[in-house]
Amino acid sequence: MSDGNVKGADLIRFIAVIGGTIAFAFFYGHWMKQMWDAPPTPPSPDPDDVKIATALAGALGGLFAVALGVKSGGGEGTRVARAGTALTRVGETLTGSSARLLWLPATVAVWTYFLAGLSAALTWQFNKGFAIAPVKTLAEVIGGYVLALIAAQAAAS
């Protein structure tokens, strides 16, 4: 992938994806550890941290969906379909290159998101009395993706 008129744009993308992935893993990992260590008081995450982590989870979740081929359920002319098409272009920009500088961070981001989601589901399951909303939401979203992937696999069979 070419830098176009801006030298170093590939490096900026690399830093942004790796940095966002690290921040995402830090926030959710920290909260899950707090939930495991919680008794007798539930953790209370900083609201600003929740906003940042939620934005990162949304971005990585979109990359995860695109990387695994999850499609929008809307028709071709719907706003959701148009947004899904735009997201697909972004995902292809990150993952569609043979340049290691681009595919490596996207691969790390997708695996980090998936493993964090599974960890969130287990953490929530075994710490229900101390579960915090961001961790529960991540667990629910990854659960939805898993169901979509199972349905897609069943439809392909």
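The values are calculated or read from the model by the stated rules, or taken from the named source; none is laboratory data. None of these values were measured; they are calculated from a predicted model. Quick reminder, even Gly has a Cβ in these numbers, built from the backbone with ideal geometry, and neighbours come from all protein chains shown. The protein model used for the area step is the full one, side chains on, heavy atoms only, and it has no ligands, DNA or RNA in it. Shrake-Rupley method; radii C 1.70, N 1.55, O 1.52, S 1.80 Å.
Among what's in segment 1-29 and is open to solvent by 80 Å² or more (accessible area, probe 1.4 Å) and either at pLDDT 95 or above or touching a His at 6+ places or on another chain (Cβ under 8 Å) (or both), pick the residue that is nearest to Pro134 (Cα to Cα).
First, pick out the residues of segment 1-29 that are open to solvent by 80 Å² or more (accessible area, probe 1.4 Å): 1-2, 5-7, 11-12, 15, 22, 26.
Filter again for either at pLDDT 95 or above or touching a His at 6+ places or on another chain (Cβ under 8 Å) (or both), leaving 22, 26.
Values: Ile22: 17, Phe26: 13 Å.
For segment 1-29, the residue satisfying everything is Phe26.
Would you call Lys33 under 16 Å from the mean Cα position of the chain (by Cα), assigned to a helix (DSSP H, G or I) and of a type in the set (Lys, Arg)? Full working, then the answer.
Details: under 16 Å from the mean Cα position of the chain (by Cα): no; assigned to a helix (DSSP H, G or I): yes; of a type in the set (Lys, Arg): yes.
The answer is no for Lys33.
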What are the residues in segment 125-148 that are surrounded by 15 or more Cβ atoms within 10 Å (Cβ to Cβ), touching a residue at least 60 places away in the same chain (Cβ under 8 Å), of a type in the set (Gly, Ala, Ser) and in a helix (DSSP H, G or I), if any? Ala148
